[in-house]
Structure formats: structure tokens, C-alpha cells
1. In what sequence, highest mean first, do B:176-186, B:191-201, A:59-69 appear when ranked by Cβ atoms within 10 angstrom?
2. Quick one: compute the contact order of chain B, relative version, from alpha carbon pairs under 8 angstrom and 6+ residues apart, as a percent.
3. Can you give me the angle between helix A:187-203 and the longest principal axis of chain A, using Cα atoms only, in degrees from 0 to 90, rounded to the nearest 10?
4. Between residue A:83 and residue A:262, what is the spin-label point distance in nm, taking each point 7 Å from the Cα along the Cα→C-beta axis?
5. Within 10 Å of each Cβ in A:273-279, how many Cβ atoms from other chains are there, averaged over the peptide?
6. Using the Karplus curve 6.51 cos²θ - 1.76 cosθ + 1.60 with θ = phi - 60°, what ³J(HN,Hα) values do you get for each residue of the range B:25-30, in whole Hz, with x for Gly and Pro?
7. For residue A:187, list the lysines whose Cα falls under 23 Å from its own Cα; do not include residues on the same chain fewer than 8 positions away.
8. About the Cα centre, and with charges only on the beta carbon of Lys, Arg (+1) and Asp, Glu (-1), how big is the dipole of chain A? Nearest 20 debye, please.
Amino acid sequence: MTVQALEIKRSSAAMWGTKTGLREKPVVSKYIDTTTCIGCKACEAACQEWNDLKTVATHQEGSYQTLPHLDADFWNLIRFNEREVDGGLMWLMRKDQCMHCAEPGCLEACPAPGAIVQYANGIVDVDPSKCIGCGYCSTGCPFDVPKFHKTTGKMAKCTLCVDRVEVGLEPACIKACPTGCLQFGSKEQMVAMGNARVSQLKGAGFQDAMLYDPQGVGGTSVVTVLGHGHPEWYDLPRDPHVPLLVRAWKSILRPLGVLAAFAAVIGVFGHYATYGPKEPPEGDGVGEGRTK
Amino acid sequence: MSSASAQPNRVDRAIVVARDRDNVVVAGEIVRHRRATRIIHWTVALTFLIGLLSGMPIWTPLFGWMAYLVGGMEVARVIHPYAGVAFVIASAFQFFHWLGDMHFASDEKDWWRPSRMARYMRWEDEASEEGGKYNGGQKLFFWAVCLGAVGFLVTGIPMWFPLRFPALLREIAIILHDVTFICFLIGVILHIYLGTAAEPGTFRAMTRGTVTRSWARLHHPGWFRKVTGESRDKRT
């Protein structure tokens with residue numbers, strides 16, 4: 001989905017870096033409090049409904065989790081993890097979806113101009129009309145979010161309901177949440193709310209509670225309150241980064257390769273100008289018979 | 001069968017037949033590449049060109065204009081792997097076709113050294129009397145193309161089916177595919193240059209298949225002697 005009215009801040013495969021926008025606008029963010037999530041999956045249903053996504057057959061893997069991972073037709077997944085903590089069982093639920101990174105690895109890896117854009121409000125979106133379905137974005141994503149859609153041949157993921165946000169509505173998942181564990185607002189407000197909730201949790205005995213807003217990808221437009229300071233317990237990477245090899249490929253190898261190619265062409269002309277062609281000596285071979 | 005003298009505008013049928021045999025003198029010219037060789041070579045070249053035109057716009061937007069030549073970015077993504085497979089198959093035929101001529105002679109073993117290549121490019125490398133049909137540089141390019149084709153194939157498969165391979169493998173594959181391409185592109189630029197402007201008389205070996213005696217004597221004296229039975233220094 002792309003929305004014309006929204007200003008684009010970055011675009012994939014742009015010539016001069018990825019920045020395209022000039023103005024700074026307030027960045028929006030989701031707020032997820034895993035400690036008050038009850039695992040009702042209303043957000044899953046709301047996401048499917050608002051985005052008109054097809055029904056995906058569920059997998060029973062001995063847990064309440066709908067699917068093992070996100071799908072091109074399933075952009076919002078509550079992950080259920082069970083863990084023994086201090087002799088008690090913790091049932092850890094976390095809403096998994098696109099994190100809308102401030103420095104999106106998908107956008108950096110994407111080779112199709114404009115196929116992945118980041119709006120000035122921080123939302124990272126795929127434009128199917130420009131996507132070529134190569135899957136580079138999924139290589140660049142540290143959260144394994146973009147999925148290939150077999151019917152369209154394009155990548156699909158959470159849009160942060162950009163079509164709702166654009167007209168001043170909150171995303172469908174937020175709207176549906178019955179406990180208030182999902183909130184939506186400016187990034188600043190959501191971070192402040194998250195920090196307040198973390199200190200509240202610490203006061204209540206959750207000493208290692210934390211706000212997950214990973215700086216390795218410049219922060220995300222989904223901030224998550226974790227009751228336990230172990231992101232991996234919630235299937236989250238502890239310190240996500242755009243993969244080093246993707247960075248090296250785009251910012252070192254590619255410019256070097258382009259330079260080398262042009263250098264070879266220029267070198268060839270320079271060689272011709274310097275040494276000229278290698279030709280047989282004058283008269284060589286002339287007058288020799290046509291016989292063998 | 002018509003004879004050349006009866007119909008001067010026609011090429012003698014015997015000459016046409018003879019031109020399909022490698023390493024023979026026909027009508028004053030030497031057959032260097034018979035038809036099969038030329039077809040294989042141009043199949044490799046054409047499939048490489050399609051791969052190049054569909055791959056380079058995906059590589060960098062700097063070459064995005066190439067996508068228009070194949071029908072757009074999405075078409076490029078779809079046809080690139082198939083062009084690649086065709087290129088690898090053609091290269092495999094080429095490998096077996098040329099393998100026999102591509103063993104390095106004892107005085108060619110140092111061709112991998114930049115100093116030897118530079119000496120050749122300064123036109124200071126004395127062509128070997130013992131050398132065969134191809135010089136060390138051509139053999140090196142042959143092996144580089146074969147290695148490149150394998151490299152493109154092995155690294156291309158995880159890029160073709162990204163969903164079936166782990167992310168780290170895909171990252172490594174992309175890097176190696178790029179490295180292979182950059183080396184290959186530089187090689188092809190030099191190859192085209194040497195085959196056309198730099199060494200006049202070479203290109204026709206891949207079009208009509210024949211070269212002149214003087215060309216053969218200059219570039220491949222050992223081969224020239226074997227084919228014609230003449231000494232290199234016969235000329236006065």
C-alpha cells in the first residue's frame with residue numbers, strides 16, 4: 001500500500017543514499033505492553049479484517065500460537081512462549097509484526113526504486129506496484145518480517161495501517177485491543193509511557209523489566225514493554241542490526257564495483273591511445289600462395 | 001557442384017565445407033573457429049548479455065535504464081535467473097568443447113601474474129613458438145569464465161529462491177555473486193577490446209571463422225607453423 005498524501009522520507013534504491021524527504025515530521029509509534037496482554041488475539045482478527053487478508057490455515061504446534069511465524073497473509077501474530085522463572089511458569093505473549101525501524105534494513109537492501117518507502121511519520125511500507133519480489137528485503141530485515149506472497153509475487157507485511165493513520169485513525173490492532181496494552185501516538189509519547197510503565201513494573205518486583213526500542217536499527221516505531229529483560233524469551237533479537245554483509249554490499253562493494261567497471265572501460269580507451277592496435281607487420285603474408 | 005570459376009559470385013561449395021574444419025588453410029585463409037565453436041561462443045555471449053541487462057538494474061539504480069531494454073524491473077527479476085541457467089548450460093558446452101586446447105604450456109604457467117599480463121598488453125610479450133592455438137591469456141580467460149559460471153550458479157540459486165535458504169547464506173551469496181560479476185565484467189570488457197579494436201583481424205575468427213596468415217603468424221606462430229607447415233621467419 002502507498003498513500004499519496006503522506007510525505008516520503010526515505011525510498012529504496014534512491015541514487016543519493018535513501019533520504020528523499022526534507023521536512024522532519026512527528027514520528028508515530030505503536031506501544032505494546034506484554035505484561036497486560038491477555039492473548040485474546042483480537043488484534044490478529046482486526047488486522048485480518050481491516051486489511052482484507054485471506055484466511056490462513058492455522059498450525060497446531062502444542063501452543064495457543066496461531067502460526068509458527070508471520071505470513072504474507074498474516075501480518076500480526078501473538079507469540080506465546082512458556083518459560084519457568086524462579087520456580088513459577090511465565091506465559092509470555094508478545095505481538096509480533098513489522099517493527100517499522102527508523103533505519104530499515106529492508107529498505108536498504110531493496111533494489112527496486114520506490115518499492116519500499118519510509119514516510120516522514122516513520123511508517124515503513126511496501127509498494128506492490130514497484131516491488132519485484134526478489135526477497136532482498138527479507139535478507140535485510142533483522143526481525144524476519146517481510147514475506148513473499150505466492151499469489152501476487154510481491155512482498156507483504158504490516159503497513160501500520162497507513163491508510164487509517166493518514167486520516168487520523170489509530171491502527172486496527174490498537175483499536176481492537178480490549179485491555180489497553182496496545183496504544184498509539186507519537187513516538188515521544190509512547191516512549192514516555194513505556195518508561196513510566198517499566199518503572200512501575202520494577203516497583204512491583206519485575207527488577208529487569210525493560211522497554212524494547214532497539215537502537216541498533218535507530219529505534220523502532222513499535223516500542224514494547226517487556227516484563228523480563230530478556231528479549232530472546234519473547235523471540236526478539238537482543239541487539240538487532242541491519243546485517244553487516246548487507247551494509248558492506250550496498251555501501252562498499254557496490255560503489256567499488258561500479259568504479260572498477262568504469263575504470264576498465266576508461267583503461268581500455270587509454271590503452272588504445274597509448275599502445276594502439278597490435279597488427280601484423282606491413283606486407284607480412286602478402287603474396288603467399290593460396291595453397292596448403 | 002558448381003565451381004568458383006564458373007560462377008565467380010558464389011563461394012565454392014568445397015570452400016564452405018572446408019571452412020567447417022578447424023585448423024586448415026582454405027582459400028588463403030586459416031580456419032580458426034568452425035561453425036560449432038562460433039555458435040557455442042555466441043550463445044554464451046548472448047545469454048551473458050541478457051543476464052547482464054537484467055542483472056545490472058537490480059545491482060544498482062545507476063544502470064536502471066537497462067531494465068527498460070528487457071521490459072522493466074519486474075521482468076528483469078523474472079528472466080535473470082533463466083538467462084543465468086542458459087548461460088551456465090552454454091558455458092558447460094563451451095567448457096567441454098574447448099577443454100582440449102586449454103592446458104597451459106610450460107612457458108605459459110606464469111600468465112596469472114599481473115606482470116606477465118602487463119607485458120602482453122604493452123605488446124612486448126614475444127609469442128611462443130611452442131605455444132598452441134591459444135596463448136596463456138586466452139587460456140586464463142577460459143578458466144576464469146568457467147569458474148565464473150560455476151560461481152554465478154552456486155551463488156545465484158539462493159538468490160533465486162530466497163525463501164528456502166537461511167538469511168546468512170543469502171547474504172554471503174549476494175556478496176559472492178557481486179564479486180564474481182565485477183571480476184567477470186572487467187574480464188569481458190578486456191576480452192571484447194582485445195577481440196576487436198586492440199587486435200585487428202581477430203573478430204572475424206568468431207564471425208566468418210577464418211583469420212589471415214599474417215594474423216596467425218603474428219599472434220600464434222606455433223599454431224601457424226603446425227597448420228601451414230611454414231616457418232615463422234619465412235618472410236623476408
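1. Descending mean neighbour count gives B:176-186, B:191-201, A:59-69.
2. Over chain B, the number comes to 23 percent.
3. Between helix and principal axis, roughly 50 degrees.
4. 5.0 nm
5. 5
6. Taking θ as phi minus 60°, the curve returns 8, 10, 6, x, 10, 9 Hz for the range B:25-30.
7. Within the straight-line limit of under 23 Å, residue A:187 reaches these lysines: A:9, A:19, A:25, A:30, A:95, A:157, A:175, A:202.
8. 380 debye
The values are calculated or read from the model by the stated rules, or taken from the named source; none is laboratory data. Keep in mind the model is a prediction, meaning the values are calculated, not measured. Every residue, glycine among them, receives a Cβ derived from its backbone with ideal geometry; neighbour counts consider all protein chains shown. Side chains included, ligands, DNA and RNA excluded: accessible areas come from the protein's heavy atoms. Shrake-Rupley method; radii C 1.70, N 1.55, O 1.52, S 1.80 Å.
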